[in-house]
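**Q** Below is one structure. I have some questions about it.
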Amino acid sequence: MKILIINGPNLNLLGKREPEVYGKNTYQDLVKFLKKNSRVLNVDIRICQSNHEGKIIDYLQYAMKKRYSGVVLNAGAYTHYSYAIRDCIAAINIPVVEVHLSNIKMREEFRKTSVISDVCAKTFMGEHFESYRKALEYVAKKN
Ligand code: DQA
C-alpha cells in the first residue's frame with residue numbers, strides 16, 4: 001500500500017521554527033520518524049514538502065493519478081484559508097487525513113478554523129510527530 005505524506009509551508013524549518021510550539025526536532029528527524037513507522041506498519045510512503053499552494057495541489061492530484069491508498073497532509077497555514085486545497089481534497093477520491101503538530105484549537109483565533117477538516121477523512125493534532133504516526137496508522141487500517 002502506498003501513502004503520500006505532504007508537508008506544507010514552513011515545515012522544512014522544523015527545529016528552528018518556534019521550538020516552544022513545534023518542538024526541537026528537525027524536518028529530517030520527522031522524515032526518519034515517518035520512515036521508521038512506515039516499516040512498522042508495512043506501508044510504502046513517499047514524503048514531500050512545499051511552501052507553495054499550487055504545488056501542494058499538484059501533489060494531491062498526483063496521489064489520485066498514481067492510485068495512492070491515501071494521503072497524510074499537514075497543510076500548515078493553508079489549513080486556515082485555502083479553498084483551493086479544500087476543493088482539491090473534495091475532488092480526489094482517496095482519503096486525506098489532516099495532521100498538525102500543535103493543537104490548532106488551543107491557539108490564536110485564526111488557527112481555530114480549518115477549511116479542510118470536513119472534507120478530510122480524519123484529523124489528528126496536538127501530538128507533534130505522534131499526530132503523523134496516528135494518521136499513517138489510520139490510513140493503513142482503513143485499506
Ligand atoms: C501547523 C499549524 C498551523 O497553524 C501552522 O500554520 C503551521 C503548522 C501544525 O502542524 O501545528 O504551519 O499545521
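No value in this document is a laboratory result; all are computed from the given coordinates. Predicted model only: the values in this text are computed from it and were never measured. Heads up, the Cβs are rebuilt from the backbone with ideal geometry, glycines too, and the neighbour counts pull from every protein chain shown.
**Q** With each run of n ≥ 4 DSSP H residues scored as -39500 (n - 2.57), what mean residue ellipticity at 222 nm is computed for the chain after dividing by its residue count and rounding to the nearest 500 deg cm²/dmol?
**A** Working: 5 runs with 55 residues, N = 143.
Helix-only estimate at 222 nm: -11500 deg cm²/dmol.
**Q** Please report, in whole Å³, the volume per residue of the convex hull around the C-alpha atoms of segment 69-135.
**A** Numbers: hull volume 4.5 nm³, N = 67.
Considering the Cα atoms of segment 69-135, their hull volume per residue is 67 Å³.
**Q** Moving to a separate point now. Treat each spin label as a single point 7 Å out from the Cα along the C-beta direction, and report the GLU108 to GLN61 distance in nm.
**A** Once both label points are built, they end up 3.1 nm from each other.
**Q** Using the crude model of +1 on Lys and Arg Cβ and -1 on Asp and Glu Cβ, and no other charge, please compute the dipole size for the chain relative to its Cα centre, in debye to 20.
**A** Using Cβ point charges on Lys, Arg, Asp and Glu, the chain gives about 560 debye.
**Q** Find, among the trypsin sites (Lys or Arg not before Pro) in segment 88-143, those assigned to loop by DSSP (not H, G, I, E, B) with at most 12 other beta-carbon atoms within 10 angstrom.
**A** On the way: sites: LYS105, ARG107, ARG111, LYS112, LYS122, ARG133, LYS134, LYS141, LYS142; in loops: ARG107, LYS112.
Loop-located and lightly packed - LYS112.
**Q** Follow-up. Please sort by residue number the trypsin sites (Lys or Arg not before Pro) in segment 1-90 whose DSSP state is loop and whose Cβ has at most 12 other Cβ atoms within 10 Å.
**A** Loop-located and lightly packed - LYS16, LYS24, LYS66, ARG67.
**Q** So what does the Cα-only Debye profile of the chain read at q = 0.16, 0.22 Å⁻¹, as log10 I(q)/I(0), no solvent term?
**A** Taken in order of the listed q values, log10 I(q)/I(0) reads -0.77, -1.56.
**Q** Mind telling me which of ALA90, ALA75, ALA63 comes out most flexible in a GNM of the chain, alpha-carbon contacts under 10 Å?
**A** Result: ALA90 has the largest fluctuation of those listed.
**Q** Can you give the Rg/Rh ratio of segment 18-69, where Rg is from the C-alpha atoms and Rh is the Kirkwood radius? Write down the numbers at each step before the final one.
**A** Working: Rg = 13.7 Å, Rh = 13.0 Å.
That ratio is 1.05, to two decimals.
**Q** Using the charge dipole of the chain (Lys, Arg: +1 at Cβ; Asp, Glu: -1 at Cβ; taken about the Cα centre), state which of LEU4, CYS88, THR26 has its Cα farthest towards the positive end.
**A** So the residue furthest toward the plus end is LEU4.
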